[in-house]
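Computed from the coordinates by the stated procedures, all read-outs in this text should not be read as laboratory data. The shown structure was predicted, so the numbers you read here are calculated from the model rather than taken from an experiment. Here the Cβ positions follow ideal geometry from the backbone for every residue, glycine too, while neighbour counts run over all protein chains shown.
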Amino acid sequence: MSKTLIKMCVLLSSFMLLLGSCSQDDASFPVGEDWVDSDTRVLYIDTMTVESSTFKFDSVQVSSTSRLLLGSYVDPIFGRTSSTIYTQLANSTYTLDSDAVFDSIVLILNYDDYFYNDTTQVQTLRIHEVLQDIKPTDDGYFYNTTTFKYDENTISEVTYTPRPIREDSLHLRLEDAYGQLLFDEIQDNDINNSDEFLRTHRGLALVPDENNTTILGFLPASSIRIYYSLPNEVEEEDENSFDMTFNSSYSYHNLSSDRDTTYFESLDDQEINVDAEDSGGFSYIQAGLGIASRISIPHLAGLDYIEGSGTLLGANLLISLNTKVESTSLYAGSNLSCYIIDQKNQILGNLYDYEGNEASGTVVANSDEFSQTTFSVPIHYFLDQKTTDSNGDNWYLALLDPAMSESVNRYSFYGNKASETLKLQIILIYAVYDNE
């Protein structure tokens, strides 16, 4: 898709009252009868400096997410990415018939259809008992960096080939010794309620092997199930079971990565930025780990040098995704979340448009020819705020994946040194109504 066509898509969607042509960087257009002065012009400006970099939030809040992430894989951009599930087990009753006989125990993980990277390979999972109470941090939340000590000895080690689309759940047979222990404690009335259970069994850590190839999404509504039989049952197909469900309020995923030898091995503090020029000409997003793209607009005051009095009518940020690094299993989303941040990359608030709606990045153009997807972010209101606030010079934009807390989706964006068709840029519509 040509540069002109991309511009037209953005302008038609964002400024419906403007521009029948956009072939020049600085051209005059009539704007209607609201301006009495016939010399009024509307300028199309796409030469303003805009810069991008990549930074990492210190942590991502992952409490009570609708998805739990589990697995590990090597990303060609970000290195090894891994996710461990910590969960507390719960039930409302703790009774078993005195004649019941233990049969087996399984871990049931319910898919939610999300997966990232290669699901065709055999995966390995180790289940450990947690040695500390699973509880949130002092502010009441779990974060992707929150960890708890667990027993180095495993309850079980299992292998499986995931089927997140074809099947609704993953059933993993655990070692009988762990199931028999739980069964006996409940049947013998050593455990009669949740408090007694949690004093002995604080929780589980589901730890992926470092050689795994995928991260999978599971519903918090997962469980451990104990199967048992009763003597003198007539129907052989009758199956008795006792479930210990995941307590969704005390279940979360811990995400970590090994970024050694990548562009981002220095990202160990939120204030550190890796300029696009130092990361192959791109800025990046990786959800789950808190890696985000930062947008800087350093020379906004340059509008003051336009001859005549004027006003900004509209502004959009255009940022293009490099789809060459995508595949069906390594993909980006179709929307971007946008925030205002300060010079230390601390979030100041959401990005809003002039209608008071939270602004987001949406796809306005796709091109197979250039291996690109172009997002447009409305920044008119932001620029007006930035120029009037006393601290506006220290305001930047952060672009994130909307599913930052429950995915590992990643994006690779062209910087401002790319070709004219692909480069990061701002499109401004500026009205000059007094040219004397």
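Peptide packing: for 393-400, 257-264, 404-411, the average count of neighbouring Cβ atoms within 10 Å per residue gives the ranking 404-411, 393-400, 257-264, highest mean first.
Of all the options ASN189, ASN366, ASN254, the one that moves most in a Gaussian network model of the chain with Cα springs shorter than 10 angstrom is ASN189. For Cα extents along the principal axes in Å, computed directly from the structure shown, the correct entry in [x] 100, 43, 43; [y] 67, 54, 53; [z] 68, 48, 47 is [x]. Name the residue from ILE134, VAL364, GLY281 whose Cα lies farthest towards the positive end of the charge dipole of the chain, charges +1 on Cβ of Lys and Arg and -1 on Cβ of Asp and Glu. The listed residue farthest towards the positive side: GLY281. Couplings for the range 351-368, taken from phi via the Karplus curve 6.51 cos²θ - 1.76 cosθ + 1.60 with θ = phi - 60°, read 7, 10, 9, 6, 8, x, 8, 5, 8, 9, x, 10, 6, 10, 7, 10, 9, 5 Hz in order; Gly and Pro are left as x. Residues whose amide H falls under 5 Å from that of LEU170, counting only those 5 or more places apart or on a different chain, are LEU109, ASN110, TYR111, with hydrogens built in the peptide plane. Assuming R0 = 51 Å, can you tell me the calculated FRET efficiency for the pair ALA221 and LYS324, based on Cβ-Cβ distance, to the nearest 0.05? With a Förster radius of 51 Å, E is 0.85.
With a simple spin-label model that places each label point 7 Å from the Cα along the Cα-to-Cβ direction, the separation between ASP243 and ASP268 comes to 4.5 nm.
Close amide-amide hydrogen proximity is noted between LEU131 and LYS149, TYR150, ASP151, each under 5 Å apart and 5 or more residues distant or on a separate chain (H modeled in the peptide plane; Pro and chain starts excluded). With θ taken as phi - 60° and the Karplus curve 6.51 cos²θ - 1.76 cosθ + 1.60 applied, the whole-hertz 3J(HN,Hα) list for the range 219-230 is 6, x, 7, 10, 6, 10, 10, 9, 9, 8, 10, 10 Hz, x standing for glycine and proline. The convex hull defined by the C-alpha atoms of the range 237-336 has an orientation-averaged projected area of 14.3 nm². Distance between the modelled labels on LYS135 and ARG166, one decimal in nanometres: 4.5 nm (7 Å Cα→Cβ projection).
Would you please put 350-358, 335-343, 201-209 in order of how densely packed they are, using the mean number of other Cβ atoms within 10 angstrom per residue and starting with the highest?
Working: 350-358: 13.3, 335-343: 18.9, 201-209: 21.6.
Taking the mean over residues of other Cβ atoms within 10 Å, the ranking is 201-209, 335-343, 350-358.
What do you get for Rg/Rh of the range 236-291 when both radii come from the Cα atoms and Rh is the Kirkwood radius? Result for the range 236-291 is an Rg/Rh of 1.36.
Sorted on the mean count of surrounding Cβ atoms within 10 Å across their residues, most packed first, peptides 128-135, 56-63 read 56-63, 128-135.
Listed cross-link partners LYS344/LYS417; LYS56/LYS344; LYS386/LYS423 are compared with a 18 Å cut-off, the Cα-Cα value being larger for LYS344/LYS417; LYS386/LYS423.
Summing Lys, Arg as +1 and Asp, Glu as -1, what charge do residues with Cβ under 15 Å from the Cβ of GLU326 carry, GLU326 excluded?
Values: positive: LYS324, ARG410; negative: ASP75, ASP118, ASP368, ASP401.
Combined, the nearby Lys, Arg, Asp and Glu give -2.
Fully extending the segment from SER296 to ASN366, taken as 0.36 nm per residue of separation minus the present Cα-Cα distance, adds 22.7 nm. So, counting K/R as plus one and D/E as minus one, what does the shell of residues with Cβ under 12 Å around LEU336 add up to? Local net charge: -2.
Calculate, for SER64 and LEU348, the FRET efficiency according to 1/(1 + (r/R0)^6) with r their C-beta to C-beta distance and R0 25 Å; round to the nearest 0.05.
Details: r = 25 Å, r/R0 = 0.99.
Computed FRET efficiency for SER64 and LEU348: 0.50.
Per DSSP helix of 4 or more residues, -39500 (n - 2.57); summed, then divided by the residues of the chain. What does that give at 222 nm, rounded to the nearest 500? Each step should come with its number before you reach the end.
On the way: 4 runs with 40 residues, N = 436.
It lands at -2500 deg cm²/dmol.
Reported to the nearest whole Å, the Cα centre-to-centre distance from the range 397-433 to the range 335-381 is 7. For LEU351, neighbours were defined as the other residues whose beta-carbon sits under 12 Å from its Cβ, and their charges (Lys and Arg +1, Asp and Glu -1) total -1.
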